[in-house]
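Below is one structure, written out as structure tokens; the observations come after it.
Bear in mind these aren't lab numbers, they're just calculated from the coordinates by the rules spelled out. In this text the structure is predicted, and so the values were computed from the model without any measurement.
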Amino acid sequence: MHLNKVIPVLAFVAAAAGCSTKPTDMRSAGSPAVSRIFAKDLLLNSDGRRLVRLTRDSGLVASAAYAHVFIDKQHVAALDAGESIDFYLPPKKATFSVVFSGEKDRGHPLLLATPGSIASLDLDLTSNVQLDVRLGFNVATGPKIGYSARLQ
């Protein structure tokens with residue numbers, strides 16, 4: 001195999017490996033502007049509600065777009081890279097979805113993911129746990145969403 005064929009392949013592999021967002025350190029996570037929080041009623045804790053912390057990964061990938069977060073098809077927030085927000089949800093099953101879109105400076109739609117590409121996750125909030133939901137983006141696969149749980 002010639003070196004001129006190997007170098008482009010290695011460059012592509014290196015670029016693809018670096019085309020994902022990385023976890024945000026909670027100590028350095030910022031908060032979204034109030035104008036990008038669309039479900040302010042979920043910011044208040046009340047008896048029996050479960051804490052769900054939504055955190056958007058940091059990094060340059062998809063940084064020109066907001067992570068639009070939906071809970072049970074309700075648009076709840078638009079997070080910028082490295083931002084985090086706590087919501088208090090009723091103890092029931094819920095579907096969390098994320099799509100990356102919207103050019104920040106102009107506010108018009110700019111889909112970075114394939115149109116219709118949305119990452120979703122079904123979670124059961126009936127247990128007494130706190131959920132940390134991580135929102136990220138990978139150039140090869142599009143939006144990604146994951147979670148971890150701990151006793152509340």
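Here is how the numbers come out for the structure above:
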quantity	calculated
Set of aspartates and glutamates near residue 40 by C-alpha distance (under 15 Å), chain-local residues within fewer than 8 positions excluded	86
Segment residue 86-residue 41, length gained on full extension (0.36 nm per residue, minus Cα span)	15.0 nm
Bins of 5 Å, starting at 0 and running to the largest distance - Cα pair percent for segment 35-92	4, 19, 28, 23, 14, 8, 3, 1
